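One structure is given below, encoded as structure tokens.
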Amino acid sequence: MSSPVLIVSFAYTDYALSRALESRPLDNIPIDVSYDSACSYSVNVKSRFERNLPHTKDLISQTRFTIDVLHVHDHIPKCMYEYSTHYQEGIGHFHGVGTEQYWAEQNQIGGQIWQMNPGGRHDKAMAHFEDWNKKKLARHCTSSS
């Protein structure tokens, strides 16, 4: 008896990436995407976009997938050399987890804005983001190097 074949679907990730790519003109611009699962995500990404999101398939052709330096250490050694930002030409040292640091802070307002209308939710979230950024900047300015 053969083992079951695992079919991994990236439908939501594909859709989110497609929306991000089509939100601005990116023709002939190299695109770098950092994703914790880039090694498995990028395997069939071109065929998935050709089949499901043909309007952004050309942008995927100019996209390079990476795994940030923190998450790549949990992968097999092959991933380190193929996807780590340390080994990508022209990308430099990139710590992609920095983009995730605000999630815990943002969770504090989730209950407050859950039932607001879109305008109120946006205003409340923006005020919270601005306050967090101001405090973060103040910490950077006062820390000694």
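The values are calculated or read from the model by the stated rules, or taken from the named source; none is laboratory data. Quick caveat, the model's predicted, so the values are computed rather than measured. Positions of Cβ are backbone-derived with ideal geometry, glycine not excepted, and every protein chain shown enters the neighbour counts.
General observations
- Residue within the stretch 99-122 that is modelled with pLDDT under 85, under 16 Å from Tyr35 (Cβ atoms) and surrounded by 10 or more Cβ atoms within 10 Å (Cβ to Cβ) present: yes
- The number of residues in the stretch 30-73 being modelled with pLDDT of 90 or more, small (Gly, Ala, Ser) and over 17 Å from the mean Cα position of the chain (by Cα) comes to 1.
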